[in-house]
Amino acid sequence: MSLEGILAAIRDAGRARAAQIQASSEAEAARILADAEAEAEAIYRRAHAAALQATAWERARTLHRARLEAMRIVYDGQEAVITGALDRLRERLARARSRGDYPALLAALVDEALAAVLPSLVEGEVPHLLADPRDRERLEAIRCERGAAWPVRYEIETWGGVTATSADGAIVADNTLESRLACAAPYLRQSMLARLEAIPAGEPLAGGSVPGNAAPVGP
């Protein structure tokens with residue numbers, strides 16, 4: 001599943017932010033992973049040179065440790081890229097209210113939250129909404145526009161969106177931007193990791209092995 005596909009649930013605003021993050025993270029990925037591979041290469045070459053002077057057992061042990069260290073360096077580089085991209089996404093979502101399309105996004109999040117709880121309510125029961133006080137004017141406009149009777153309590157702090165509940169609070173549909181990102185984060189990480197792993201690797205390490213490759217290494 002692609003990065004754009006996951007963030008489609010955050011509507012047009014989310015997709016625009018995802019495109020920006022994707023572009024910047026790929027540039028960052030090229031730099032960080034190049035540095036990681038260069039460091040891994042240097043460590044492996046030093047270990048290989050030392051192994052030539054050691055016994056067979058010591059050589060195998062040295063090369064195994066060097067391979068593990070090389071894998072760790074590349075993994076840390078990938079994690080730095082992914083963590084940075086997710087951090088930038090959080091920053092953009094935290095500023096969602098400053099975007100011109102936020103009212104439309106908020107209305108869509110309200111509709112999704114209501115749709116999630118309505119099937120579980122008893123006949124005639126009205127859903128309740130929890131929202132951030134900063135969204136009071138926008139939500140009241142939405143209620144007025146739709147002639148809706150559902151009550152809204154402005155008592156949560158969120159980047160945007162709402163939480164819909166039953167009257168007794170037993171049924172809850174959290175459709176805030178924080179909640180949407182938390183649900184999407186594992187898939188975003190998986191998608192970005194796949195993209196990073198698809199970036200062409202450098203030249204093979206000494207002996208024909210690359211970080212993470214368990215192929216035998218010759219003397």
> Taking segment 146-182 only, how many residues are touching a residue at least 40 places away in the same chain (Cβ under 8 Å) and in a helix (DSSP H, G or I)?
Replying inline: 4
>> Which numbered condition in (1) hydrophobic (A, V, I, L, M, F, W, C); (2) closer than 28 Å to MET192 by Cα; (3) surrounded by 14 or more Cβ atoms within 10 Å (Cβ to Cβ) is the only one that LEU68 fails?
In response: (3)
> Can you name the condition, by its number, that ASP174 falls short on among (1) within 25 Å of ALA108 (Cβ to Cβ); (2) within 21 Å of the chain's Cα centre (by Cα); (3) modelled with pLDDT under 90?
Replying inline: (3)
>> Six or more apart or on different chains, Cβ atoms under 6 Å: show the pairs whose first residue is in segment 128-145 and open to solvent by less than 60 Å² (accessible area, probe 1.4 Å) and whose second is of a type outside the set (A, V, I, L, M) and in a strand (DSSP E or B).
In response: HIS128/THR165; LEU130/ARG153; LEU130/THR163; ALA131/TYR154
> Out of all the residues in segment 146-173, which are closer than 28 Å to LEU89 by Cα, open to solvent by 50 Å² or more (accessible area, probe 1.4 Å) and in contact with a Lys or Arg (Cβ under 9 Å, 6 or more places away or on another chain)?
Replying inline: GLU157, TRP159
>> So, ALA185, is that one of a type in the set (Gly, Ala, Ser) and either at pLDDT 95 or above or open to solvent by 60 Å² or more (accessible area, probe 1.4 Å) (or both) or not?
In response: no
> Of all residues in segment 73-93, which are out of contact with any Leu (no Cβ under 8 Å at 6 or more places or on another chain), touching a residue at least 24 places away in the same chain (Cβ under 8 Å) and closer than 19 Å to GLU157 by Cα?
Replying inline: ARG92
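The values are calculated or read from the model by the stated rules, or taken from the named source; none is laboratory data. Since this is a predicted model, take the numbers as computed values, not measurements. Virtual Cβ from ideal backbone geometry, glycine too; neighbours counted across all protein chains shown. Surface areas here come from the heavy atoms of the whole protein model, side chains and all, with no ligands, DNA or RNA. Shrake-Rupley method; radii C 1.70, N 1.55, O 1.52, S 1.80 Å.
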